[in-house]
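Accompanying notes for the structure given below.
The values are calculated or read from the model by the stated rules, or taken from the named source; none is laboratory data. Given the structure is predicted, the values throughout are model-derived calculations rather than measurements. All Cβ positions, glycine included, derive from the backbone under ideal geometry; neighbour counts span all protein chains shown. The area values use the complete protein model at the heavy-atom level, side chains included, leaving out ligands, DNA and RNA. Shrake-Rupley method; radii C 1.70, N 1.55, O 1.52, S 1.80 Å.
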Amino acid sequence: MFATKLVGRSYLFSSRRAFWRPFLGVHKFAERWRDAVRHSVRLRRTPFHLAVLAALASPSMATLAQDAIWNGGTGNWNDSTQWDIGTVPDAGTDVRVDGGKTGTASLVNVNVTSDARNLTIDAGDRVNINNSRQLTIHGASLLNNGTLSLSSTGTATTLRVGDTTFSGTGVVSLGNSTSNRIIGIEATNVLTNAAGHTIRGSGQLGNNFMGLNNQGLIDANQSVALTIDLSDAEGVTRANSGTIQASGSGNLRVIGTALDNSGGTLQALDNATVTVTSGSRITGGTLATADNGVVLLGGNATLDTLTNLGEVRINQGNTGRIAGTVTN
């Protein structure tokens with residue numbers, strides 16, 4: 001016989017079997033615990049519980065967007081002290097400039113590669129993407145009653161969007177450089193430019209990496225051309241039911257794009273030029289020119305079943321095509 005102390009209690013053992021009895025009790029407890037866990041798991045394997053677990057695991061449930069409001073005035077996007085949440089916005093943040101502050105004209109300079117979920121710009125306020133910088137809007141909305149500008153001085157300066165709608169009465173303004181770009185996060189993303197909203201300036205719209213549904217105004221109004229080159233990925237929307245134009249001696253180029261122009265207008269005003277080339281096809285809607293504007297057709301581009309209210313010219317050495325019924 002011998003004595004020992006186990007978990008604060010003394011036991012006197014006279015045999016090997018007596019010695020193991022406390023441990024056998026622990027073992028039975030462990031078995032019961034295991035069975036209880038298994039039973040609990042079985043209870044949870046119902047369609048309802050599985051649906052709840054799947055929802056909790058989904059990104060939309062796991063990540064909730066927060067708001068970030070610009071404090072007002074002029075500053076840099078990456079300055080955390082300029083935001084009311086005290087941190088720099090990211091892809092999960094709904095950004096507001098400047099949250100309806102009165103009497104304050106705010107200017108936010110995108111001075112580093114930056115992200116927002118959705119972006120709202122108030123009247124009189126401006127977000128400026130500096131030369132060589134990039135802003136990505138991951139969400140469904142740019143509500144713009146002010147100005148979002150791209151200010152390339154020669155290096156790629158980029159606004160990337162998902163399936164995003166530009167709405168409001170404001171302007172997305174591209175400076176007079178070919179290096180300003182509005183493109184998709186993916187080649188299948190579609191930018192919707194809603195009625196009342198304007199995209200204006202020079203550079204690249206699409207860069208073969210975005211679809212377009214234009215219901216508002218796209219205006220090439222500077223000496224450096226604005227080039228529309230939409231994604232040729234299958235099923236991507238390439239449509240204009242608003243107005244796409246060149247004005248003020250500006251230049252608009254449509255290249256490699258099959259554009260459904262039904263209900264829309266493609267026009268050249270004020271000594272400006274619209275060039276349709278590189279196998280593009282304009283279907284439906286209206287072509288128009290005014291005040292010495294001209295539409296140039298070349299590069300095997302096609303005008304298909306539309307109404308022409310202006311001057312369309314095929315310059316020497318170029319090939320343009322007509323399909324369907326063109327009302328002239």
Practice item. Scan segment 251-275 for residues that are farther than 21 Å from ALA233 by Cβ and either in a strand (DSSP E or B) or without any contact (Cβ under 8 Å) to a residue 40 or more places away in the chain (or both) and report the count. Key: 13
Check your understanding: When segment 67-107 is examined, which residues are found to be open to solvent by less than 50 Å² (accessible area, probe 1.4 Å) and among the charged types (D, E, K, R)?
Key -> ASP94, ASP98
Exercise for review: Identify, from the list SER167, SER179, SER173, the residue that is within 14 Å of SER141 (Cα to Cα) and either small (Gly, Ala, Ser) or modelled with pLDDT under 95 (or both).
Suggested key: SER167
**Study point:** Scan of segment 292-310 for residues that are in a loop (DSSP other than H, G, I, E, B) and within 36 Å of the chain's Cα centre (by Cα), ordered by number
**Key:** GLY293, GLY298, GLY299, ASN300, THR305, LEU306, LEU309, GLY310
Practice item. Please enumerate the residues belonging to segment 190-201 that are open to solvent by less than 40 Å² (accessible area, probe 1.4 Å), in a loop (DSSP other than H, G, I, E, B) and in contact (Cβ under 8 Å) with a residue 40 or more places away in the chain. Key: HIS197
Exercise for review: Could you figure out which of (1) among the β-branched types (Val, Ile, Thr); (2) assigned to a strand (DSSP E or B); (3) free of Cβ contacts under 8 Å to residues at least 24 places away in the same chain isn't true of THR325?
Suggested key: (2)
Review point. Would you call GLY263 open to solvent by 50 Å² or more (accessible area, probe 1.4 Å), within 21 Å of ALA195 (Cβ to Cβ) and of a type outside the set (Ser, Thr, Tyr)?
Key: yes
Point to revise | Residue within segment 301-309 that is in contact with a strand residue (DSSP E or B) (Cβ under 9 Å, 6 or more places away or on another chain), surrounded by 16 or more Cβ atoms within 10 Å (Cβ to Cβ), modelled with pLDDT of 95 or more and more than 20 Å from ALA239 (Cβ to Cβ) present | key: no
Exercise for review: Tell me, yes or no, whether segment 294-316 has at least one residue that is within 22 Å of LEU191 (Cβ to Cβ) and basic (Lys, Arg).
Suggested key: no
